[in-house]
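One structure is given below, represented as structure tokens, and several questions about it will come after.
The values are calculated or read from the model by the stated rules, or taken from the named source; none is laboratory data. Fair warning: this is a prediction, and the values are worked out from it, not measured in the lab. Cβ sites come from the backbone with ideal geometry, for glycine too, and all protein chains shown count toward neighbours.
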Amino acid sequence: MPEVYNWQLGRNMEYQYEQNRPKRQVAYVFDPNKCIACQTCTISCKQTWTWGSGQEYMLWNNVETKPYGFFPTGWDVMLQSLMGEGEWANGVYEGQTVFEAAPEGERVAGWLPDDRDWAYPNLGEDEPLGIAGQGTHIPDTPHDMWFYYMPRICNHCTYPGCLAACPRQAIYKREEDGIVLVDQDRCRGYQECTKACPYKKVFFNTNTRVSEKCIACYPKVEEGIQPQCVVSCIGRIRMMGYITPADEAPDPNNPLDYLIRVRQVALPLYPQAGTEPNVYYIPPVHVDPSFTTQMFGPGVEDAIKTYQSTKTDERLLGLFMLFGSTERILHSFDVRDGIAYGYDEKGEEVVNVPLEEPTFIRDYFDTVHENYILNVT
Ligand code: SF4
Ligand code: SF4
Ligand code: F3S
């Protein structure tokens, strides 16, 4: 089997096909610290792409509560049991990926959820680890009782498990942006893709008998607009853009490179699986780092320190202020004189946001209309 380089594992690994990185790769940063599980993202995706028959259970975007929420049930517990235990030593993963742990005669170590596993998308919602007595006050960070919300979509992996497993070669990764798609004409419904995806983000349509998945909203992305789930997020926890391929130096003016590769404040989800996922998460600061480390890898504690320094770090603060500030995909950014600027592919300014919102205090008495005004906004 060919050897490919996986920068998230810090080593080479076995993969079904030769290394073939796209010219540029779509990537997302999600900040669970700000997610309120309102599910606006879930519904905006559903209304756009999966409202038809056979798609009832499909949530290309879902938001689950950790530690007890899963969709499908137990997906990450199953993933870890398939891979077995592994350790990180100086940033190198010394365990088996889903490709390396594959049983004899199979391409990927996987499992196929059954109907009941797909039946409870809100399982474990708002359930904390630990029991809160009445009037409980939690003064310390990390908390000894916690939960957090995990928004999840397809990771448009660099080494997709779904693509490696499909015997029909019906799944492909686009050269121009790394988006992973199912070719509906080639697909014959074998469901090896669903079985192999470590994140369980390929869904079988029981009406059409072919599989479907998140398409990264490519019709919007091709127009320079961020995906539906990103722009509809009312918590402004998401940013989508492009990450520079791992064999090239990161660009510190590219928002995604800056967060993921330069400051390393956003980390991949279960990098141990080996698919090099391209949705990156800022670890929740209030959660026991031993839990988040098994989920996001060994960079968790440093990422939290960097995130907590945001209030004195104008460049990082400015970049976070640009989350949710525009529909356009930002290719570069700058922060100067208290204002964060976002630029499109041509370098033209598409948005600017002050780091501090100006405050206006109105007189409580309007002399023109002889009226008292409540300063409620
Ligand atoms: Fe394929 Fe799953 Fe990776 Fe998406 S998250 S590209 S469905 S392996
Ligand atoms: Fe749905 Fe588009 Fe978000 Fe994918 S990127 S989960 S298709 S809204
Ligand atoms: Fe292949 Fe999955 Fe279709 S394995 S044939 S893309 S159902």
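Could you pull out the residue among 63, 77 that is aliphatic (A, V, I, L, M), in contact with a Cys (Cβ under 8 Å, 6 or more places away or on another chain) and either buried (at least 21 other Cβ atoms within 10 Å of the Cβ) or at pLDDT 95 or above (or both)?
None of the other options fit; the residue is 63.
Spot the failing condition for residue 145; the list is (1) within 13 Å of ligand 3 (Cβ to nearest atom); (2) without any contact (Cβ under 8 Å) to a residue 40 or more places away in the chain; (3) touching a Leu at 6+ places or on another chain (Cβ under 9 Å), and only one is missed.
Just one mismatch for residue 145, condition (1).
Then there is this: Being free of Cβ contacts under 8 Å to residues at least 60 places away in the same chain and either within 15 Å of ligand 2 (Cβ to nearest atom) or assigned to a strand (DSSP E or B) (or both) is the filter here; which residues of the range 152-183 pass it?
Matches in the range 152-183: 162, 171, 172, 180, 181, 182.
While we're here: Can you tell me which of 108, 92, 77 is touching a helix residue (DSSP H, G or I) at 6+ places or on another chain (Cβ under 8 Å), among the aliphatic types (A, V, I, L, M) and under 28 Å from residue 276 (Cα atoms)?
When all the criteria are applied, what remains is 108.
If you go through the range 44-60 one residue at a time, do you hit one that is buried (at least 18 other Cβ atoms within 10 Å of the Cβ), within 24 Å of residue 295 (Cβ to Cβ) and either of a type outside the set (A, V, I, L, M, F, W, C) or touching a Lys or Arg at 6+ places or on another chain (Cβ under 6 Å) (or both)?
No: the range 44-60 contains no residue that is buried (at least 18 other Cβ atoms within 10 Å of the Cβ), within 24 Å of residue 295 (Cβ to Cβ) and either of a type outside the set (A, V, I, L, M, F, W, C) or touching a Lys or Arg at 6+ places or on another chain (Cβ under 6 Å) (or both).
When only residues in the range 187-227 that are touching a residue at least 24 places away in the same chain (Cβ under 8 Å) and part of a strand (DSSP E or B) count, which is nearest to residue 45 (Cα to Cα)?
Here the residue is 213.
Sort out which residues of the range 242-270 are within 21 Å of residue 63 (Cβ to Cβ) and not in a loop (DSSP other than H, G, I, E, B), and write them in order of number.
259, 267, 268
Identify, by number, the condition in (1) crowded, with 16+ Cβ neighbours inside 10 Å; (2) charged (D, E, K, R); (3) more than 16 Å from ligand 1 (Cβ to nearest atom) that residue 276 doesn't meet.
With (1) crowded, with 16+ Cβ neighbours inside 10 Å; (2) charged (D, E, K, R); (3) more than 16 Å from ligand 1 (Cβ to nearest atom) applied to residue 276, the lone miss is (3).
Quick one: in the range 178-203, which of the residues that are surrounded by 21 or more Cβ atoms within 10 Å (Cβ to Cβ) and among the aromatic types (Phe, Trp, Tyr) is farthest from residue 51 (Cα to Cα)?
199
Looking only at residues in the range 27-40 that are in contact (Cβ under 8 Å) with a residue 40 or more places away in the chain and touching a strand residue (DSSP E or B) at 6+ places or on another chain (Cβ under 6 Å), which one is farthest from residue 256 (Cα to Cα)?
37
Taking the residues in the range 271-287 that are under 11 Å from the mean Cα position of the chain (by Cα) and part of a loop (DSSP other than H, G, I, E, B) as candidates, determine which candidate is nearest to ligand 2 (Cβ to nearest atom).
Checking each candidate, the answer is 278.
Tell me which of these residue 224 doesn't satisfy, since it passes every other one: (1) within 16 Å of ligand 1 (Cβ to nearest atom); (2) surrounded by fewer than 24 Cβ atoms within 10 Å (Cβ to Cβ); (3) on the phi > 0 side of the Ramachandran plot.
With respect to (1) within 16 Å of ligand 1 (Cβ to nearest atom); (2) surrounded by fewer than 24 Cβ atoms within 10 Å (Cβ to Cβ); (3) on the phi > 0 side of the Ramachandran plot, residue 224 is out only on (1).
Still on this model: Of all the residues that make up the range 301-320, how many are of a type outside the set (Phe, Trp, Tyr) and crowded, with 22+ Cβ neighbours inside 10 Å?
Result for the range 301-320: 4.
Please find, among 190, 199, 172, the residue that is at pLDDT 95 or above and away from ligand 3 (no atom under 12 Å from the Cβ).
Result of the check over 190, 199, 172: 199.
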